[in-house]
Structures are given as C-alpha cells and as structure tokens.
Amino acid sequence: MKQLKLAVIALFTLMTVSNANAQDENNPWSIGIGTNIVDFYNGANDFGGHVKDYLGNSDWNFLPAISTINVGKYLEKGFSLEFAGSMNKIDTYFTPGDADDFYFSLGVNVKYDLNNLFGETGWFDPYVSIGGAYVSAGDTSEGMLAGNVGFNAWFNDNLGVNFQTGSRFGFADKVQDHIQSSLGLVIKFGGKDTDGDGIYDKNDECPEVAGLAEFNGCPDADGDGIKDSDDACPNVAGLAAMNGCPDSDGDGVADKDDMCPNAKGTKANKGCPDADGDGVVDKDDKCVNTAGPAANGGCPWPDTDGDGVLDKDDKCKNEVGPASNNGCPEPVITKEATEAIQFTAKAILFNTGKSSFKPGVTDQLDEIVKVMNKFPKAKFVIEGHTDSTGSNAINLTISEKRALAVRDYLIKNGVDKSRLEAGGFGEEYPIADNKTRAGRAKNRRVEIKVVNDKK
C-alpha cells in the first residue's frame with residue numbers, strides 16, 4: 001500500500017509543475033497501461049459507510065504489476081469511446097484473507113472531457129465515463145454497470161498520467177458490487193502535423209507551411225509580428241499600421257506605394273513632397289520653391305510684355321494688349337468696317353470734269369460717316385484718282401478737289417477733321433487699263449484708307 005500512496009503523492013507533485021497540453025481531436029487515439037485496486041463494498045447501506053469503506057485500505061486488493069490496459073478513440077465534442085481490460089488477485093472480500101480468487105474485467109465506456117464545460121485548463125483533463133463491463137471474480141461472473149471519474153495530467157502533447165476511480169454495480173447479484181481505481185500512464189497519438197511546426201493540422205490555419213503558435217500555425221517570414229497572410233510585405237519587416245510594410249520616411253505611405261520613399265510627402269502625392277504646393281512634386285518640379293503649373297514643369301508662365309496675358313497665350317509677347325485680343329494691341333477699326341468703307345467709297349461718283357457729287361452719292365457718304373464714328377480712334381486718308389484722259393496737271397487738280405470734297409462732307413457731317421487727310425494723285429496710280437472704257441472707269445475713283453490700324 002505504501003507504493004500506491006507514494007505514486008499518488010508523486011502524481012500530485014507532477015500536477016503542480018507540469019503545463020503541457022494535449023487535445024483529443026488532434027491525437028484521436030490513446031493507449032493506457034497501469035495498475036489497479038479492487039475494493040468490494042462491505043455491505044454498509046449508508047453513505048457514510050460507503051465513504052469509510054472507500055477510504056479504508058484494509059480490504060484493498062492490489063496486484064503490484066501492470067494489470068490494466070485500455071484503448072480509446074476520440075469521437076467528437078469531447079466524447080471518446082474506450083475499451084478497457086483489467087485483472088487482479090482477490091484475497092479480501094470483507095476481511096483480509098477470506099478469498100483467493102482471480103479477477104478480470106472487460107468493458108466499454110463512453111467518456112466525456114469536462115474541459116468542454118469548464119474551459120481548457122492546459123495540462124489537466126478531468127473526465128467522467130459510463131459503460132458496461134463483463135466481470136469475473138472466482139467462480140462467478142456477470143455484466144455490470146460501470147461509472148467512473150478520473151483525470152489525465154499531461155507531461156506534453158502525447159504522454160501523461162491517468163488516475164481513475166469508479167464503481168461496478170451488478171444486475172444479477174452474482175459478483176459483489178465494488179470500487180475499482182487505477183493509476184498508470186496514457187499515450188495519445190494519431191495527430192497529423194504536415195508542416196512539422198508542432199501545431200496539429202486541425203488547429204493549423206496554414207497546415208502545409210511551418211508557422212508559429214501565436215499565429216495558429218501560420219508563418220511570419222519577416223518577423224514583424226504580422227502573419228504572412230495579412231502582411232502586404234511578407235519578406236520585409238514593417239508596421240502593423242502599414243499592413244506589415246515599412247515606411248522609411250514616416251510619412252504614412254508604405255514604401256511599396258511611395259514614389260519618394262526617402263523623402264516625407266503626402267498621400268495625395270503618393271508619398272512625395274511638394275514644397276511650393278503647386279501640385280507638381282519636387283522631384284518633377286523645375287522651380288521647387290515657386291508655384292507653377294505642371295504644363296510648364298512646375299514653374300510660373302512668363303509675361304514678357306507685362307500685359308497680364310501669359311506668354312503661352314499671348315500672340316504678341318512683346319506688345320501690350322488685352323486678353324480679349326489674345327495679348328495683341330486692339331485695332332482702331334475692325335477689318336469688316338474697313339472693308340465696308342472701301343466698298344462704299346467705290347460708289348462715290350462725280351459729275352464729269354467737276355468735284356461735285358452725282359445724285360445719291362451723299363447717301364453713301366452718310367453711311368461712311370456712321371462707320372467712321374463707331375471707331376473714333378481710326379484715322380483715314382482720302383485719295384483722289386483719275387484716268388489718263390486729259391493733261392496730267394488737270395487730272396492732278398481735279399483728283400485733289402474731289403478728295404477734298406469728300407473730306408469736307410465727312411467733316412461737315414460729324415467726323416473730326418483731325419482724323420482725316422486728303423490728297424489727289426491724278427493718273428499716277430491706275431488700277432486698270434486706261435485704253436479701255438471699263439479700265440478708265442475703274443481708274444476714276446476715290447479710295448479711303450486707314451492710316452493707323454493699331455491704338
């Protein structure tokens with residue numbers, strides 16, 4: 001009996017220092033061997049008597065040898081099926097030496113791991129079981145109900161110590177009801193660990209790649225504390241805030257997305273700085289400290305003539321002009337107005353050999369007055385021309401008188417005289433052949449020209 005007491009003391013000492021763990025679903029098979037004690041009830045009918053009988057060791061039957069064996073298979077949800085066999089030497093039923101019988105038992109039990117109710121305790125697995133056994137003691141035998149409580153205390157994932165105690169109750173009163181307790185070693189096996197990382201496949205989220213327990217068997221190749229499946233940069237140590245990627249310049253943009261990984265920038269600029277805030281990052285900006293458009297390399301557009309129209313839009317870069325005229329000086333009169341005056345001037349006809357107008361000509365001149373007064377900054381020259389009929393002196397005189405007649409009429413009707421010049425050129429500048437009637441008719445003309453086409 002001393003040996004059993006020492007074994008129990010050793011077991012509890014082991015429980016205080018061991019912290020190994022084994023999960024039935026990972027190691028579904030178990031084999032246990034050990035020794036057992038058979039204690040027959042002494043006939044007491046009260047609970048106190050049963051307790052006293054259980055604790056008293058004077059009627060224990062103990063065989064100092066390997067006398068129990070069991071094989072178990074984990075099912076699911078904490079339940080296991082166990083096949084158990086045991087044998088013993090009975091020399092006490094009620095008083096020491098009152099028997100000399102051989103005892104054996106073969107049974108099947110359903111076990112339930114109480115950790116499924118209480119939560120995992122790491123190294124300690126208490127359980128209850130119920131089942132049936134065929135029990136033979138001496139010349140008698142029968143089927144008996146078996147109910148047990150026990151626990152496994154694990155050294156590691158596979159090896160542990162088992163203690164179990166329970167009662168056997170007969171149905172035919174052939175074999176005396178009794179208590180059977182056992183102590184032994186239990187081995188669990190059958191768990192699969194494909195990647196060899198010490199984490200069984202059922203609990204391994206990465207069963208084919210060796211990993212770490214803290215990541216449920218998944219690897220962390222760069223050791224940054226972020227498992228590879230969640231790490232956007234699995235081979236380079238980084239920050240959790242960057243999904244495992246580094247941020248060398250600390251600008252909040254991961255290096256893999258940072259166009260300027262060694263210069264602090266903004267997310268809007270993909271991690272690059274923009275010192276002048278013009279939207280052109282410094283690495284592409286030809287004028288880093290002066291804001292300018294991207295189209296000009298980050299530099300401001302010049303305005304050579306200072307008219308407020310940038311050179312890129314200024315069609316007269318060296319002349320001041322408004323934006324409405326593309327940076328060029330505005331004309332004092334439009335092209336359309338000039339053409340209208342010149343066209344109308346062709347209808348200015350004079351009486352033969354005179355400087356007086358033919359009937360209806362003043363109406364044409366009135367139209368010219370209206371146009372000229374719309375463009376008060378325009379200045380004009382009125383030129384009189386003749387054909388080659390007659391002497392040059394006469395032609396020169398008549399052409400000048402006709403030019404002056406037109407000028408005087410325009411002045412009289414509202415055109416400022418400072419805007420008008422007049423002169424005769426005789427037959428000096430023909431525009432057609434004077435040998436033909438039609439040609440001579442074209443050469444007898446008055447032309448009105450703009451002499452200042454810009455302000």
ask   = Going by the conditions given, is Lys317 basic (Lys, Arg), assigned to a helix (DSSP H, G or I) and at pLDDT 90 or above?
value = no
inquiry  = So for the stretch 240-252 (the condition being of a type in the set (Ser, Thr, Tyr) and touching a helix residue (DSSP H, G or I) at 6+ places or on another chain (Cβ under 8 Å)), does at least one residue qualify?
reply    = yes
task = Being among the hydroxyl-bearing types (Ser, Thr, Tyr) and part of a strand (DSSP E or B) is the filter; apply it to the stretch 79-98 and report the residue that is nearest to Ala65 (Cα to Cα).
result = Ser86
inquiry  = Yes or no: the stretch 119-141 includes at least one residue that is among the acidic types (Asp, Glu) and under 22 Å from His178 (Cα atoms).
reply    = yes
request  = Just give me the residues in the stretch 252-295 being buried (at least 18 other Cβ atoms within 10 Å of the Cβ) and within 25 Å of Val320 (Cα to Cα), in sequence order.
outcome  = Gly292
message = Looking at Pro302, Pro329, can you tell me which residue is in a loop (DSSP other than H, G, I, E, B) and either within 30 Å of Ile368 (Cα to Cα) or hydroxyl-bearing (Ser, Thr, Tyr) (or both)?
response = Pro329
task = Search the stretch 26-77 for residues being in a loop (DSSP other than H, G, I, E, B) and modelled with pLDDT under 70, and hand back the single one that is nearest to the chain's Cα centre (by Cα).
result = Asp46
task = Enumerate the pairs (first residue in the stretch 409-422 and touching a residue at least 12 places away in the same chain (Cβ under 8 Å); second residue anywhere and not in a helix (DSSP H, G or I)) with beta-carbon separation below 6 Å, excluding pairs fewer than 6 apart on the same chain, so at least 6 apart or on different chains.
result = Arg419/Lys379; Leu420/Phe380; Glu421/Val381; Ala422/Ile382
query = Can you name every residue in the stretch 173-192 that is touching a strand residue (DSSP E or B) at 6+ places or on another chain (Cβ under 7 Å) and within 19 Å of Ser105 (Cβ to Cβ)?
reply = Lys174, Val175, Gln176, Asp177, His178, Ile179, Gln180, Ser181, Ser182, Leu183, Gly184, Val186
request  = Give me the pairs, please: first residue somewhere in the stretch 132-143 and in the same structural domain as Ser105 (by the TED database), second residue anywhere and aromatic (Phe, Trp, Tyr) and assigned to a loop (DSSP other than H, G, I, E, B), beta-carbon distance under 8 Å, and either six or more positions apart or on two chains.
outcome  = Glu142/Phe171; Gly143/Phe171
ask   = Is one or more of the residues making up the stretch 275-287 out of contact with any Gly (no Cβ under 9 Å at 6 or more places or on another chain), in a loop (DSSP other than H, G, I, E, B), small (Gly, Ala, Ser) and under 30 Å from Ala210 (Cα atoms)?
value = no
query = If we keep just the residues of the stretch 409-444 that are within 30 Å of Glu330 (Cα to Cα) and surrounded by 18 or more Cβ atoms within 10 Å (Cβ to Cβ), which is farthest from the chain's Cα centre (by Cα)?
reply = Tyr409
message = All but one of (1) β-branched (Val, Ile, Thr); (2) surrounded by 15 or more Cβ atoms within 10 Å (Cβ to Cβ); (3) outside any helix (DSSP H, G or I) hold for Thr397; state the number of the condition that does not hold.
response = (3)
request  = Scan the stretch 352-380 residue by residue and report those that are surrounded by 15 or more Cβ atoms within 10 Å (Cβ to Cβ) and within 16 Å of Gly426 (Cβ to Cβ).
outcome  = Ser355
inquiry  = Looking for something of a type in the set (Val, Ile, Thr), more than 30 Å from Gly321 (Cβ to Cβ), outside any loop (DSSP other than H, G, I, E, B) and modelled with pLDDT of 95 or more - is there at least one such residue anywhere in the stretch 404-418?
reply    = yes
note = Taking the stretch 296-324 and keeping only residues that are over 23 Å from Asp284 (Cβ atoms) and surrounded by 14 or more Cβ atoms within 10 Å (Cβ to Cβ), one is left with Asp303, Thr304, Asp305, Asp307, Val309, Asp314, Cys316, Lys317, Glu319, Val320, Gly321
remark   = Checked against (1) surrounded by 16 or more Cβ atoms within 10 Å (Cβ to Cβ); (2) in contact with a Pro (Cβ under 7 Å, 6 or more places away or on another chain), Cys245 satisfies every condition except (2)
Residue that is surrounded by the fewest Cβ atoms within 10 Å (Cβ to Cβ), among those in the stretch 381-394 that are not aliphatic (A, V, I, L, M) and not in a loop (DSSP other than H, G, I, E, B) = Asn392
message = Looking only at the stretch 325-336, filter to residues that are free of Cβ contacts under 8 Å to residues at least 12 places away in the same chain and loosely packed, with under 13 Cβ neighbours inside 10 Å; which one of those is farthest from Met259 (Cα to Cα)?
response = Glu336
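The values are calculated or read from the model by the stated rules, or taken from the named source; none is laboratory data. None of these values were measured; they are calculated from a predicted model. Every residue, glycine among them, receives a Cβ derived from its backbone with ideal geometry; neighbour counts consider all protein chains shown.
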